[in-house]
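Every number here is computed from the coordinates shown, using simple stated rules; none is lab data. On a predicted model such as this, the values are computed, not experimentally measured, just so you know. Neighbour counts run over all protein chains shown; Cβ positions are idealised from the backbone, glycine included.
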Amino acid sequence: MHDSELAVDDALARSLIGATFPDLADRELRRVHTTGTVNTIIRLGDDLVARFPLLPATRAEVEAEGGR
């Protein structure tokens, strides 16, 4: 959809989650299908979600949005 869109598949999501939050590495991942074009959302079990930007962003931009 965007020329510079990043590819975030389940394997990459699991790797990034495990590297950042090892205690969540074994959670079941379920992709949330949305019509959005800026983020991809993946459920971690029944009580958490991870949102991954699909467009390049600086670490400061992502951290400014909040997090765990």
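For the chain, give the magnitude of the charge dipole about the Cα centre (Cβ charges: +1 Lys/Arg, -1 Asp/Glu; no others), in debye to the nearest 20.
The dipole magnitude comes to about 80 debye.
Rounded to whole Hz and in sequence order, give me ³J(HN,Hα) for the stretch 33-42 from the Karplus expression 6.51 cos²θ - 1.76 cosθ + 1.60, θ = phi - 60°, writing x for Gly and Pro.
7, 10, 9, x, 10, 10, 9, 10, 10, 10
Towards the positive end of the charge dipole of the stretch 10-64, with charges on Cβ (+1 Lys, Arg; -1 Asp, Glu), say which of L16, G36, F52 has the farthest Cα.
G36
Need one number for the stretch 10-64: average projected area of the convex hull over its C-alpha atoms, nm².
That works out to 4.2 nm².
What 222 nm value per residue comes from the helices of the chain, counting each DSSP H run with n ≥ 4 as -39,500 (n - 2.57) and dividing by all residues, nearest 500 deg cm²/dmol?
Computed mean residue ellipticity for the chain: -7000 deg cm²/dmol.
Put a dot 7 Å past each Cα toward the Cβ at I41 and R59; how far apart are the dots in nm?
Placing both labels 7 Å along Cα→Cβ, they lie 2.7 nm apart.
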